[in-house]
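In what follows, a structure is listed as structure tokens, so that the remarks can point back to it.
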Amino acid sequence: MSHYSAFRLFREGLRGQKGWTPAWRMPAPKPEYDVIIIGGGGHGLATAYYLAKQHGIKRVAVLEKGWLGGGNTGRNTTAIRSNYFYPESAALYDFSVRLYEGLSRDLNYNVMFSQRGMMVTAHSEHDLEMATRQYNAMRINGIDAEMLTAAEVRARVPLLNFRADARHPIHGAVSQPRGGTGRHDAVAWGYARGADTRGVDIIQNCEVLGIQKEAGRATGVTTTRGDIRADRIGATVAGHSSVLAELAGFKLPIHSYALQAFVSEPIKPILDTVVLCPAFGTYVSQSDKGGIVFGGGLDRIPSYGQRGNMPVQEDVVGALVEMMPALAKVKLLRHWGGIVDVTPDSSPIIGPSGVEGLYLNCGWGTGGFKAIPAGGYMLAHLMATGQHHDLSRPFDLDRFTTGRLIDESAASGIAH
Amino acid sequence: MQIFPCPFCGPRDEREFHFAGEAGKTRPDTTGEVSPDDWATYLHMHRNEKGRTREVWVHTPCAEMFIMERNSVTMEVLGTECLRAKS
Amino acid sequence: MRRLDDKGAVIDRAKPLNFTFDGKPYQGFAGDTLASALMANGVRIVGRSFKYHRPRGFWGAWVDDPNAIMSVTLNGIELPNCLATTTYLENGMEARAVNAWPTAKHDIKGGLDLFHRFLGAGFYYKTFIWPDWHLFEPMIRKMAGLGAVTPDHLDEFHSDQIHDHCDTLIIGGGASGLTAARVAAEAGQNVVLVDDQAQPGGSSYQTGTIADTAAADWIAAQMAAIKTAGGRVLHQTTAYGVYDHGLIACVENGAFGTAPRLWRIRAGRAVLATGAIDRPLTFAGNDKPGVMSLFASAEYLVRYGVLASDNAVVLANHSMAKEAVATLTAAGMAITQIDPDTPGLKAGGWQVTNGISVSGRHHPSDVVLATSGLTPLVHLWRHAGGKLTWDDARQAFLPDGQLSNMQAIGAANGTFDLNHALDEAQAAGLGQSHPRQDTSHHLTPVWPKPGSKGRQWIDFQHDVTLKDIEVAARENYVSVEHLKRYTTLGMASDQGKTSNMAGLAAMATLKGATIPEIGTTTFRPPFVPIPLEVYHGAKTKQLYHPVKRLVLEARHRDADAALCEYGGWLRPGWYGNGAAADHIRDEAMTARTTAGILDGSPLGKIEVMGPDAEAFVNFVFYNTMTTLKPGHIRYGFLLTEGGIVYDDGVVSRIDNDRFLISCSSSHVDGVRSLLENWRQDGNNPDRIFIHDLTMQWATITVTGPKARDILNGLDLDADVSADALPHMRFIETHHQGHPLRIARVSFSGDLSFELSIPSRHAPNLWDKVTAVAGTMDAHPIGIEAMSILRAEKGYIMVGKDTDGETMPQDVGFGIPRRKKTNAFVGDRSLHTDKANVPSRKVLVGLSVPHGEPPLVTGAHVVTDGANQRSLGYVTSSYHSPFLSRAIALGMIEGAVERVGDEVTVWHDGSNRRARIVSPCFLDPNGERLHA
């Protein structure tokens, strides 16, 4: 593998970029591995990476039905944050943010984690009270947070609607300075390269068609490229978790919806932070390339069609223009949709599936990208040791039976 | 924009409808013993099919609930019927 | 470059227009695009590429141009990122290249190109890692972006939004589309034709004659026939996306500076006649200004009368080029044709091309006209779910198979022969299918040659070169999506219209695969970039999430009410123009000393009727309702099936089979849905009826020690004495002949009456109540004062003092959970592990020493000592003017056991001490309430 550095880039520049080597191999599947990870998105690749790196388990295959990073990893709006209310959520997501903070160096791959802050606005006095509750919770949880007045919000984001006739005037905001955005593809590619280097087989165009079981225990998978055995199987198939569960013979507390994302033509830098306006249900940032990247709530119709639905597009784009009126004249370049698996409390499921040997990392809803490092780390820990990591324990499937839901929207009003 | 046929009002804009859950769930008799697992299954577990689905929907203007079969990938509507006929 | 007198079908030479580009004045004609006018003026460098700031000239003549992106100002309105080839010229326009300073010709960042060898595909993934990305990012960010947008908004930039439907929608007004539209209209169909140019005809002006008629006349005749037959034509209208269930979204552009109009068109069937676009050739220096599309140069000539040059080298690998070459030659262009497959082909010149060098020989020319075939515009076909097939003869992806509601014809269908296209169009007009004919044209594939020398551009705007594709292949970014994302191929503002095919072909060669094996990326809407305003439309200002209005709003305004939004309603927060806090304090005092009059109209009034009403209400409420007697009222909770408090409110039993549910004002719609849900799913809907009267009845609340005196002053035919109408009872009577319901319920903790009356009679009653009240020093009060009053009494507001975890036992209502024998919504969820833990957050009061300011709402109660942990939070906190002290409510873990304890309250880094107390700060024995 080529080590990446400014020096190497310079040298390759001089010799016509001819010395670069593949970022990952294209191996054929072997008949057996110690661990199979189904799903070559961020979470699956990160799981494989940490299995190899933290636990020394290298006979690992990541099976991806299409191209790696082609699901929600390559379709999201790239926000990274840990501005959570409940200690369980804050601990998990902040673990992720901390891994992100060192990820480019860890992977020797620039994932462009840009900590330009993540701001959640308040649009009434009641909102401000809730924002205060949220802000204090974050501080107590050890998360960096700032409470901003309306004037401070205006100074940072002059684009926001401060007109007298604004439908949802800005009363203030809570910001997490360490929040920001990352380059989504780079996260998948960086983990893939790192895992591959450590011996993991990343097998693309390999769709899992069935879960093989013996005496109730998962023992392998049937795929479009043959049968593959392993006594530990991890499923990281955001958008298809229920489909996989059906293959294995159980049901999950999940509904699948399309979540849409939008990007405008590039414009000169005009927005230097990530902004979420709950009253509009819309969040927005500007990419390094200059595109205004934004999104909103889920589509209203359960769906596995990876595309947008027009009424929700109208809601989200219309909301953005009302939120930032100057953007009315900016042009929409592209919009797309991904399928997200939404749990009743909008928190993820990490843990045993109920079928012995089959482990789950799913249900991240709209917020899986920011959790990739933590999700991979936790699943790797679980599969390597057979035990939950302390941080993942609260997110076990059993919470739906015990009633111990972790519903952020319940307390904070902040959508996932 | 999808068009759903309300069994009472005919074809209408999707924005007039709300998804109300998968069809065929029966509430356990809570005057008797209901195990935690059975309750969790009733409350939270879904088929969430990819492809042909059978779901309960509400048409907001007329407030009627009905059953709709549709394809969750192509969005094709395969048919609707009154919930009442099935209850 | 010059304008020919005898060409230019769409310009009006009688109307000269003045404009500037990069500060220099020029002149064009009405009908020109910015691009054609600039070309007529000999302007060759019109922009800079995104990454290397290389000079860019026009490649295309319409939507396929990736280069000529400008900020345009007219009449004080500046629009960023206007594509010059699709922007119609208007007098006074000031255009500037977006990615260049000071001008496109002399761009100070042009020197960046010198470093290109170090800045290849994905270079940023491989560096800026140490010490930290944040060190480098600001610089890179500053370099990026195209046009600039100022934070000010345009006042008059609003899109209309129109719904329409028709039998047949024809997309594209070229020869095929016009024919199909005419035939369909003449066959009696309701037809809409959308065409994205101001003058329809597509590329047919290049044809010379159609059906033995001069092209311009033929086009005019088709248009006339379509209109005569009742067809409608939308000009400057682009169909940009096909959405679920066949909805086709179009934008109609108007004059510069106006927002486009959105058309949502539902068509019985759509005919896709979007044509095809020219494909660039990949050779060294192919990005230089002057290298342009052969067909585009013909289009500039026939539509705008602009001859790109007097001399040209033509590089073409197919027989379709013949007609264009002939047209250009006839107009006076001296053309040298060179086989584009010749190895070592190179466009010479420093900033702009000066001809083609090949095999040591230079062919001087001012322009190089290139084409490697036509790419059908199948975007909408793919949006609609249509499949594509690779066609070897045409070297193109063509629509494959059938769609039930869309048919592709003409060049969009790969039918490049005009006679075949017209046959297809004729059939499509009649709704008949027509098998695709073999093409009469021959094409020799000429695709990028990996490994060949020189810098060869694949994506002109994004500076993706053949070498970048090679690097991607070398590093295994070989899936078409990886290729796109790694190199940014096809992600420019033309979304790969010019670049994708060459990129795919290069990757196919590198991988030893065929082009169809490599496949295409997904065709995402919109087909062309559209202003965000298009989706905004009327949903602006107060029409965005419209608030609900009170029938008494005019009365409140007359009384100087501060109208604020509460739960979706516009309601008086307080009355008076002075300091809000003073008014709120005075109102809270008034209500405790005399009486306050509150407009409680938004309170839910949902009637449940029918033989099963009692059982139903008992099922949907947490509290037992079977024992409620007619004329009586009971407080209760509605739960979710998860056991969470969804709403609270009172239930009045009007008679045996009739109940009135009075839910919170912000929850009316939700409660109604919840009731309907349970009514229809699990109950017999023929025996229960639900009727929401919230908007039909207004409610005026009179609360305070003088409340009964005020009622007695209204000349009501009713006894409201404590004996006749005790707390939690209601009576039905009349006011001036109109039905009036008087409910004795209290949210303030004082003697209170809610007077409900049909909305249209409410102003009268309000006037009377306030007049009588005025004689007793009682006055209207707003929501803010009421919030204080109810907190003094320890009454909760759902959603403020409760949250998504709150169960009824947490707010002091534990009995039904243990005792109620009938099933009720959420019952089983009240007995999960979590529901039983002693550490549940419960409602308590928080008291601070007299004289201290109120706690901050949103402050947390925390554990003392190391590892500080939140135990809960302050949900309501006020200074009580009546009690002359600070009061607060909070949800605190296990706090019922800890009443009397002191706790630490944490806000923003500082601690205060508070004592856990009962939430009821006022009248704990209920003497005022039962007065």
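The values are calculated or read from the model by the stated rules, or taken from the named source; none is laboratory data. Note that the structure is predicted; figures quoted are calculated from it, not measured. Note: ideal-geometry Cβ built from the backbone for every residue, glycine included; neighbour counts use all protein chains shown. The accessibility values were calculated without ligands, DNA or RNA, using every heavy atom of the protein model including side chains. Shrake-Rupley method; radii C 1.70, N 1.55, O 1.52, S 1.80 Å.
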Assigned charges on the beta-carbon of Lys, Arg, Asp, Glu; chain C dipole about Cα centre (debye): 1660
Over chain A, what is the relative contact order in whole percent, taking alpha-carbon pairs under 8 Å and six or more residues apart? 22
Collect residues whose amide H, placed 1.01 Å from N in the peptide plane, falls under 5 Å from the amide H of A:E356; neighbours closer than 5 in sequence don't count. A:A218
If you restrict to DSSP beta bridges whose two residues both lie in chain C, what percentage is antiparallel, to the nearest 5? 75
Show me the ranking of peptides C:255-261, C:634-640, C:62-68, C:178-184 by mean Cβ neighbours inside 10 Å, starting with the highest. C:178-184, C:62-68, C:634-640, C:255-261
Would you mind telling me the antiparallel percentage of the DSSP bridges in region C:306-451, rounded to 5? 55
How would you rank A:92-100, C:521-529, highest first, on the average number of other Cβ atoms within 10 Å across their residues? A:92-100, C:521-529
Percent accessible area from carbon and sulfur atoms, the protein assembly as shown, protein chains only, probe 1.4 Å: 52
Calculated from backbone phi, Karplus (6.51, -1.76, 1.60) coupling profile of region C:653-670 in Hz, x at Gly/Pro: 9, 7, 8, 4, 10, 8, 10, 10, 9, 10, 9, 5, 4, 7, 10, 4, 4, x
Assigning unit charges at the beta carbon (Lys, Arg +1; Asp, Glu -1) and nothing else, what dipole magnitude in debye, to the nearest 20, does chain A show about its Cα centre? 1380
So if a site counts as exposed when it's one of the GluC sites (Glu not before Pro), its DSSP state isn't H, G, I, E or B, and it has at most 16 other Cβ atoms within 10 Å, what's the longest stretch of chain B without one? B:34-75
From the gyration tensor of the Cα coordinates in region C:447-518, what semi-axes in whole Å does the equivalent ellipsoid have, largest first, with each one equal to sqrt(5λ)? 16, 13, 11
Across the protein assembly as shown: Cys residues that no other cysteine approaches within a C-beta distance under 4.7 Å: A:C206, A:C277, A:C362, B:C62, B:C82, C:C82, C:C166, C:C250, C:C564, C:C663, C:C920
Amide H neighbours of C:L871 at under 5 Å, excluding residues fewer than 5 places away on the same chain, with H built from the backbone geometry, are C:V861, C:V862, C:T863
Per residue of region C:714-721, what does 6.51 cos²θ - 1.76 cosθ + 1.60 with θ = phi - 60° give for ³J(HN,Hα)? Whole Hz please, x for Gly and Pro, Karplus curve as stated. 9, 6, 7, 8, 7, 9, 10, 5
What is the local net charge at A:V60, summed over the other residues whose Cβ is closer than 14 Å to its Cβ (Lys, Arg +1; Asp, Glu -1)? +2
Among the lysines in chain A, how many pairs, 8 or more places apart or on different chains, have alpha carbons under 17 Å apart? 7
Which of the peptides C:841-854, C:237-250 is most tightly packed, and how do the rest follow, judged by the mean count of other Cβ atoms within 10 Å per residue? C:237-250, C:841-854
Determine the relative contact order of region C:447-518: mean sequence separation of Cα pairs under 8 Å and six or more apart, normalised by residue count, in whole percent. 34
Can you list the residues of region A:335-359 that have at least 20 square angstrom less accessible area with all protein chains present than in their chain by itself, probe 1.4 Å? A:H335, A:W336, A:P344
Using the heavy atoms of the protein chains alone and a 1.4 angstrom probe, what is the accessible area of the protein assembly as shown per residue in square angstrom? 35
Counting partner chain Cβ atoms within 10 Å of every residue's Cβ in C:675-681, what's the average? 6
Interatomic Cα distance distribution for the protein assembly as shown, bins of 20 angstrom, percent: 9, 34, 34, 18, 4, 0
Solvent-free Debye scattering, log10 I(q)/I(0), computed from the Cα coordinates of chain A at q = 0.14 Å⁻¹: -1.26
For C:K605, go through the lysines and keep the ones whose alpha-carbon is under 20 Å away, minus same-chain ones fewer than eight residues off. C:K548, C:K629
By the Cα gyration tensor axes a ≥ b ≥ c (a/c under 1.5 gives rounded; else a/b larger than b/c gives prolate, otherwise oblate), the shape of region C:273-339 is rounded
Cα convex hull of region C:819-858: how many Å³ per residue? 146
Tilt of helix C:500-511 relative to the longest C-alpha principal axis of chain C, in degrees (0 to 90, nearest 10)? 80
Within chain C, which is the longest segment containing none of the GluC sites (Glu not before Pro) that sit in a DSSP loop and have at most 10 other Cβ atoms within 10 Å? C:157-926
May I ask for the angle, rounded to the nearest 10°, between helix C:294-304 and the longest principal axis of chain C, with both axes built from Cα atoms and the value confined to 0 to 90°? 80
Percent relative contact order of chain C, based on C-alpha pairs within less than 8 angstrom and at least six residues apart? 9
Would you please calculate the Kirkwood hydrodynamic radius of region C:606-692 over all C-alpha pairs and express it in Å, rounded to one decimal? 12.6
Over all directions, chain C yields a Cα convex hull whose mean projected area in nm² is 48.9
Could you tell me which of rounded, prolate or oblate describes region A:131-184, using a ≥ b ≥ c as the square roots of the eigenvalues of the alpha-carbon gyration tensor, with rounded for a/c under 1.5 and, failing that, prolate when a/b is larger than b/c and oblate otherwise? oblate
Average partner coverage of C:873-880, which counts Cβ from other chains inside 10 Å: 2
Estimate for me the total accessible surface buried between chains A and B (protein heavy atoms, probe 1.4 Å, no ligands or nucleic acids), in Å² to the nearest 100. 2300
Partner shielding of C:240-249, taken as the mean number of other chain Cβ atoms within 10 Å, equals 5
Size of charge dipole - region C:806-931 - debye, nearest 20, with Cβ of Lys, Arg +1 and Asp, Glu -1, no other charges: 400
For chain B, what ratio Rg/Rh do Cα atoms give with a Kirkwood hydrodynamic radius? 1.03
Ballpark to the nearest 100 Å², how much total accessible area do A and C bury together, probe 1.4 Å? 9300
Tell me which residues come under 5 Å, amide H to amide H, from A:I57 once H is placed; ignore anything under 5 positions away on its chain. A:A52
Which ³J(HN,Hα) values, rounded to whole Hz and listed in residue order, are derived for region C:100-108 from phi using the Karplus coefficients 6.51, -1.76 and 1.60 in 6.51 cos²θ - 1.76 cosθ + 1.60 with θ = phi - 60°, glycine and proline given as x? 8, 8, x, 9, 4, 6, 10, 9, 5
Shape of region A:57-139 from its Cα gyration tensor (a ≥ b ≥ c, root eigenvalues): rounded if a/c is under 1.5, otherwise prolate when a/b > b/c, or oblate? prolate
Roughly what % of DSSP beta bridges within the protein assembly as shown run antiparallel, to the nearest 5? 75
List of region A:251-278 residues, accessible area with partners at least 30 Å² below that of the chain alone (1.4 Å probe): A:K251, A:P253, A:H255, A:E265, A:P266, A:I267, A:K268, A:P269, A:I270
Cut-off 12 Å between beta-carbons: net charge of the residues surrounding C:D827, Lys and Arg +1, Asp and Glu -1: +4
Using a 1.4 Å probe and counting only protein heavy atoms, how much accessible surface gets buried when C and B come together, both sides summed, in Å² to the nearest 100? 1900
Hey, if you put +1 on the Cβ of every Lys and Arg and -1 on every Asp and Glu Cβ in region A:150-271, which of A:I202, A:P177, A:G216 ends up farthest toward the positive end of that dipole? A:P177
